[in-house]
Amino acid sequence: MSDIERHAIAVLVDNEPGVLARVIGLFAGRGYNIESLTVAEVDRANNLSRINVVTSGTPMIIEQIKAQLSRLVPIRVVKDLTQEGACVERELALLKMAGIGEKRIESLRLADIFRARVVDSTIETFVFEVTGSTEKLDAFINLMQPLGLVEVSRTGVVAISRGAANF
Amino acid sequence: MSAEQMNGAEMVIKALGDQGVDVVFGYPGGAVLPIYDALFQQNHLRHILVRHEQGAVHAAEGYARSTGKVGVVLVTSGPGATNAVTGLTDALMDSVPIVCLTGQVPTHLIGNDAFQEADTTGITRPCTKHNYLVKDVNDLARVLHEAFYVARTGRPGPVVVDLPKDVLFAIGNYRPPEQVEQRKSYRPQTEPDPARIAEAADLIMHAKKPLFYGGGGIINSGPRACKLFGELMDMTGFPVTLTLMGLGAFPASDKRYLGLVGMHGTYESNLAMHDCDVMINVGARFDDRVTGRVSAFSPNSKKIHIDIDPSSINKNVRIDIPVIGDTAKVLEALIGALKARRFAPDRPALAKWWKEIEGWRKRDSLHFDQGDTIIKPQYAIERLHALTADRETFITTEVGQHQMWAAQLFKFEKPFHWMTSGGLGTMGYGLPAAIGVQVAHPDALVVDIAGEASILMNIQEMSTACQYRLPVKIFIVNNQYMGMVRQWQELLHGARYSESYTASLPDFVKLAEAFGAHGLRCTKPSDVDDTIREMIAIPGPVIVDVAVDQAENCFPMIPSGAAHNEMILGPADKRSSGPVSEEGMVLV
């Protein structure tokens, strides 16, 4: 279908056992897409965690996803960051590179352009840390592929709204 | 500290008492022995021992739906919990408030594949409104009170509380319900948005072909919502149709009632749905049994949808004016808004609309011909209604043809008197549900309208009925087929009756006697009335085996994947031999 939209949704939840399983089970059970999902505690004092989900679907499905999420008892707030205007989306990736010589130098040169940092190094390997939008990370990983990329680890998207608005 | 110290099992009993619970449906086992021991040592809480945990949940559903209170279930760990899953799913689909306490292996054994261990919270997560695993006895009181609150508020549903055995033995502090803080994350919206009420009222003001479409949400909201629904009908004079779950929300004898809507709804209901210009959905959820083909569903109407669950809005059908809130509060606000606008229906337009509807009503789509020799199932149910109309009668059903005939032909005048498995379609629901209803209403007549296939799914509960001298009446409309399966095979699968005939059925009269109940059999149309009278007169539980026409199909019917105006009226309808669309074939 042509009207598939991609949405970043932020979910503030009570940090209790099983809450992530509820969210994931909801997506799996109702057949919704998960493009990326991240979760971490964000407010220890109030026992709150934040789940960032990137999903896709028709506008009707996106509306359902939000309504179904809101129905879960431990969920406090559901925010559609994509719908509510501009938001900042970032992802972090770690890339392990293997190789010596020209490829090694070329990868370091490209890393500089992408503002990737070397966070681990041996004579024959590097680990790059790079952050940015999903597209930027995709581009960087593609460039690294022929230069000795052996392993990638990505966090998935974390997102936050721009401006003064908050939860 | 005013906190009372006690062990977990005593806390369970105390919490149930503080929640106003007077009866629990359950079955003991190793993990819940401490609770059963605490039960043994008190007198205010009654326990009904079922014969299968599924029966316990359905009984609690029957209790809940006939009283408006929360139904309570107590089962053991492992198989006790897994047996309850069908009942929990049933309660979730039909929005029935249930609190189900499940035993669990002690906390230090969780995850070790211990004897009778199951991941109960994992298994029941998708089939409950919410669930809890209590690992600390000092959380127990709070969790139990919260469980009741979650089960009965908002859109009601089942809640599981999983109780490890060591927690039941541990000593902790009890807190009464009023000391439990409500959690911030669960705040169902009950008050409607006035702006939406205004929009809805404006739309109703100018309706020319309006229709009220009422569902179980009216009944779940309570007697006041039903009363206000009637008031709205008096005020507007609009026609009204009800879903399977909504039967009784408006008196069936009222001229403005068009009958059941949906797959086996009346001709006038379904055509009014299709042709209306303003549809006011009150507490129904546009279930696929109601809408038929969504793309052809009521194509020219503006739709108002009143529901307490925001996720029901725009789920299946695009809504013009959603109104989130408790039905009673919404209806009250809507009536107020209409009065403020000095509402007067567009009488000429409404008269024209009613004339059209009366034309459809004249088709008499529930008509059947009762001859002298074979009992028509519809006749048996119609007579059952006629002979019980003068007394307080509660009806439960199993699932299938008999259920649809009951919904079509039994005229419910009041809410809370009709218990059926709508969303999940659970064969085996009716008998345990009837037991639950009878426990709540000991002096009323409670009849389970059953099929011979469905009744066998939870027939063991006859033993429960007999133990507690619950005089439930099981009225089996026996055609020896899984009738609805047979009907679909006839209409969609070239009359190849694959596995839908039950050979070796038991002798239901002897079966009743084996349980210590009464059995009656009826094979002739002329005996139907006397059999029903005898059934009512017998003070204990009765199984009535009514041998009916094996070939009878349930009409009218909207074939799967068809629109409301494409319904089949009966066997003589030429469309009944027409092919069902490819998309229709894959639908359930």
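The values are calculated or read from the model by the stated rules, or taken from the named source; none is laboratory data. What you are looking at is a predicted structure, and each value in this text was computed from that prediction instead of being measured. Virtual Cβ from ideal backbone geometry, glycine too; neighbours counted across all protein chains shown. These area figures cover heavy atoms from the full protein model, side chains too; ligands, DNA and RNA do not enter into them. Shrake-Rupley method; radii C 1.70, N 1.55, O 1.52, S 1.80 Å.
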- Would you give the gap between the C-alpha center of region B:482-547 and the C-alpha center of region A:18-70, rounded to a whole Å? 49 Å
- Message: I need to check one value: relative contact order of chain B, counting alpha carbon pairs closer than 8 Å and at least 6 residues apart, in percent.
- Response: 14 percent
- Message: On a straight-distance basis, which aspartates and glutamates could pair with B:Lys376 in a cross-link, Cα separation under 14 angstrom, same-chain partners fewer than 8 positions away excluded?
- Response: B:Asp527, B:Asp529, B:Asp545, B:Asp549, B:Glu552
- Note on the structure: Averaged over the residues of A:13-20, the number of partner chain Cβ atoms within 10 Å of each residue's own Cβ comes to 2
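Is it possible to state the helix-based mean residue ellipticity at 222 nm for the protein assembly as shown, with each DSSP H run of 4+ residues giving -39500 (n - 2.57), the sum divided by total residues, to the nearest 500 deg cm²/dmol? What is it?
Computed ellipticity for the protein assembly as shown at 222 nm equals -10500 deg cm²/dmol.
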- Tell me, what does the Kirkwood hydrodynamic radius of chain B come to in angstroms if you use every pair of distinct C-alpha atoms? 24.9 Å
- Message: Given contacts defined as C-alpha pairs under 8 Å and at least six residues apart, what's the relative contact order of region A:88-159, whole-number percent?
- Response: 53 percent
- Task: Identify all aspartates and glutamates with a Cα-Cα distance to B:Lys352 below 16 Å; exclude those on the same chain that are fewer than 8 residues away in sequence.
- Result: B:Glu268, B:Asp275, B:Asp277
- Report the convex hull volume per residue for the protein assembly as shown, counting only C-alpha atoms, in Å³. 205 Å³
- Of A:Val13, A:Val157, A:Val42, the one that fluctuates the most in a GNM where chain A has Cα springs shorter than 10 Å: A:Val42
- In region B:176-217, accessible area falls by at least 20 Å² from chain alone to full assembly (1.4 Å probe) for B:Arg183, B:Lys184, B:Ser185, B:Tyr186
- Query: In the calculated pair distance distribution of region A:36-167, what percentage of Cα-Cα distances lie above 19 Å?
  - Reply: 59 percent
- Message: From zero outward in steps of 5 Å, how is the percent of C-alpha pairs of region A:5-80 spread across the bins?
- Response: 3, 16, 32, 27, 14, 5, 2, 0
- Query: How far is helix A:59-71 tilted off the main Cα axis of chain A, in degrees rounded to 10, range 0 to 90?
  - Reply: 70 degrees
- What part of the accessible area of region B:1-158, given as a whole %, is carbon or sulfur when the probe is 1.4 angstrom? 50 percent
- Message: Counting only protein heavy atoms and a 1.4 Å probe, tell me what percentage of chain A's accessible area is made up of carbon and sulfur.
- Response: 54 percent
- Neighbour-limited loop hits for GluC sites (Glu not before Pro), region A:65-167 (at most 15 other Cβ within 10 Å; DSSP other than H, G, I, E, B): A:Glu84, A:Glu124
- With springs only between Cα atoms under 10 Å apart, run a GNM on chain A and tell me which of A:Arg30, A:Arg76, A:Arg22 wobbles the most. A:Arg30
- Output the residues of region B:120-139 meeting this criterion: accessible area (heavy atoms, 1.4 Å probe) in the chain alone minus accessible area with all protein chains in place is 40 Å² or greater. B:Arg125, B:His130
- Debye equation applied to the C-alpha atoms of region A:88-159, log10 I(q)/I(0) at 0.17, 0.22, 0.24 Å⁻¹: -0.54, -0.88, -1.03
- For region A:5-80, what is the relative contact order in percent, using Cα pairs closer than 8 Å and at least 6 residues apart in sequence? 47 percent
- If you roll a 1.4 Å probe over the heavy atoms of the protein chains, what accessible area per residue do you get for region A:5-80, in Å²? 40 Å²
- Message: Tell me the accessible surface of A:Glu5 in square angstrom (1.4 angstrom probe, heavy atoms of protein chains only), to the nearest ten.
- Response: 70 Å²
- With the Cα gyration tensor of region A:29-72 in hand, convert its eigenvalues to equivalent ellipsoid semi-axes via √(5λ) and list them largest first in whole Å. 24, 12, 8
- Item | Spatial extent of region B:427-489: Rg and Dmax, with the Cα atoms as the point set, Å | 12.6, 42
- Query: What shape does region B:282-429 have by the C-alpha gyration tensor, where a ≥ b ≥ c are the square roots of the eigenvalues, rounded means a/c under 1.5, and otherwise prolate means a/b greater than b/c and oblate the rest?
  - Reply: prolate
- Message: Pick from A:Thr125, A:Thr134, A:Thr82 the residue whose mean-square fluctuation is largest in a GNM of chain A, springs joining Cα atoms under 10 Å.
- Response: A:Thr125
